[in-house]
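Visitor: Here it is, the structure, as structure tokens.
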Amino acid sequence: MSNAVSALQGARFEGFATITESGLRGMITLRGDLASSAVKSAVKAATGLAVPTQRQFATADEHGVGWMSPDELLLMVPYEKAPEITARLAAALEGEHALVVNVSDARAVFSIEGQSAREVLAKLSPVDVSQESFPEGTLRRTRLAQTAVAFWAKGKNAFELICFRSEAGYVFDVLSMSARKGSEVNFYST
Amino acid sequence: MLILECPYCGVEAEETELHAGGQAHIKRETVGSDDDAFEHYLFSRANPRGVHLERWRHANGCGKWFHAARSTTTLEVFGTYSAQTFEPPKAIVDAITAKHPNWSFDQWKDLS
Ligand SMILES: [Zn+2]
């Protein structure tokens, strides 16, 4: 068994917000009929969470469930538990028109934290990330500079972001550039 | 900058999140179609000055294809709607005919 490592092994940048590559994280893509009782109970059993409503990200302890599209969820679980949870979900959904894939090693996760964390994303995405439009628990799939990402608000000044693993270096660089001290716009500051 | 509401995720997506997919509601010819029908399907597209029905994909987003009704001259958007339909829903047709009383879906289909 090889030793798993995350894309940037915890790389960190301290600017007016702190960018951190979050290390290994279990991520499972689930596609199917999100309104079906089979999917609802399988997600509940795997994470303890209900299927979130449109553009929401639900968290409890070490688990998270994000609404990715009308027929897709992203489940966040501890890295080492992902294979087992994927197998359990697949078994629970056998016979359903559904798909469960462990994508942990195909993605990278970043956290963006600090007083002006919203500004770091606002500079790079065509999204209104103000506190009013993007409160805690909101998720958005969008574009970060030139690449596809998803991010959600973990707290007032804390975000989590996922991208393709092969683009982790680029994403870390643009996030760091956006957070560079001296480049504050203070658009969202109150 | 064109802004379209994705009917699947409810996001007001601006152009850079979207990918244009050309004319909507075209008939896809297949096995058994004659050459003329195939040529029409592959190469003939309407290019109206005014109301147009188009396919768009929320590429940097939920990834879904949807339909949009807009004016190619004013960029006015009459609305967006599900891709799982062969014709625009009544609300879209109403929004178009409110501004363009003579517009009809049948007439639009005959453009290409
Ligand atoms: Zn969408």
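Please treat every number below as a calculation from the coordinates, not as lab data. All values derive from a computational prediction rather than experimental measurement. For neighbour counting, all protein chains shown are included, and Cβ atoms are generated from backbone atoms with ideal geometry for every residue, glycine included.
Visitor: Please list, ordered by chain and number, the residues whose modelled amide H lies under 5 Å from the amide H of B:Gly79; skip anything fewer than 5 residues away on the same chain.
Guide: B:Ala69
Visitor: Under a point spin-label approximation (7 Å from Cα along Cα-to-Cβ), what is the A:Phe164-A:Tyr188 distance to one decimal in nm?
Guide: 2.7 nm
Visitor: Separate question: Which stretch or stretches of region B:24-55 have amide N atoms under 18 Å from the point lying 7 Å from A:His97's Cα along the Cα→Cβ direction?
Guide: none
Visitor: Treating only the Cβ atoms of Lys and Arg (+1) and Asp and Glu (-1) as charged, compute the dipole magnitude of chain B about its Cα centre; round to the nearest 20 debye. Walk me through the intermediate numbers first.
Guide: Working: 11 positive and 16 negative charges, 37 e Å.
The calculation lands at about 180 debye.
Visitor: Amide H of A:Gly26 versus every other amide H placed in the peptide plane: which residues, excluding those fewer than 5 positions away on the same chain, fall under 5 Å?
Guide: Answer set, sorted by chain and number: A:Val77, A:Tyr79.
Visitor: Next question, about the same structure. For the protein assembly as shown, with the dipole built from +1 on Lys and Arg beta-carbon atoms and -1 on Asp and Glu ones, taken about the Cα centre, which of A:Ala92, A:Phe172, A:Gly32 lies farthest toward the positive end?
Guide: A:Phe172
Visitor: Please find the FRET efficiency linking B:Asp34 to B:Thr73, where r is the Cβ-Cβ separation and R0 is fixed at 25 Å, and quote it to the nearest 0.05.
Guide: On the way: r = 35 Å, r/R0 = 1.42.
Efficiency at R0 = 25 Å is approximately 0.10.
Visitor: On a 20 Å Cα-Cα criterion, which of the cross-link pairs B:Lys27/B:Lys99; A:Lys44/A:Lys156; B:Lys27/B:Lys109 come out too long?
Guide: Numbers: B:Lys27/B:Lys99 27 Å; A:Lys44/A:Lys156 26 Å; B:Lys27/B:Lys109 10 Å.
Result: B:Lys27/B:Lys99; A:Lys44/A:Lys156 exceed 20 Å.
Visitor: Beyond a 26 Å Cα-Cα separation, which of these cross-linked pairs lie in this structure: A:Lys181/B:Lys64; A:Lys81/A:Lys154; A:Lys40/A:Lys154? Intermediate values should be presented prior to the final figure.
Guide: Working: A:Lys181/B:Lys64 38 Å; A:Lys81/A:Lys154 22 Å; A:Lys40/A:Lys154 23 Å.
Checking Cα-Cα distances, A:Lys181/B:Lys64 exceed 26 Å.
Visitor: If you place +1 on the Cβ of every Lys and Arg, -1 on the Cβ of every Asp and Glu, and leave all else neutral, what size is the dipole of the protein assembly as shown about its Cα centre, to the nearest 20 Debye? It would help to have the intermediate numbers written out before the result.
Guide: Working: 30 positive and 37 negative charges, 96 e Å.
Once rounded to the nearest 20, the dipole reads 460 debye.
Visitor: Hey, what angle do you get for helix B:90-99 against the long axis of chain B, alpha-carbon based, 0 to 90 degrees rounded to 10?
Guide: Result, in degrees: 80.
Visitor: Which of B:Glu17, B:Glu39, A:Glu94, A:Glu184 has the fewest other C-beta atoms within 10 Å, and how do the rest follow up to the most?
Guide: On the way: B:Glu17 26, B:Glu39 12, A:Glu94 9, A:Glu184 16.
Ordered by Cβ neighbours within 10 Å, fewest first: A:Glu94, B:Glu39, A:Glu184, B:Glu17.
Visitor: Give me the number: length gained by fully extending A:Ala145 to A:Ala35, i.e. 0.36 nm times residue separation minus the C-alpha to C-alpha distance, one decimal in nm.
Guide: Working: separation 110, 0.36 × 110 = 39.60 nm, distance 3.34 nm.
36.3 nm is the gain from fully extending A:Ala145 to A:Ala35.
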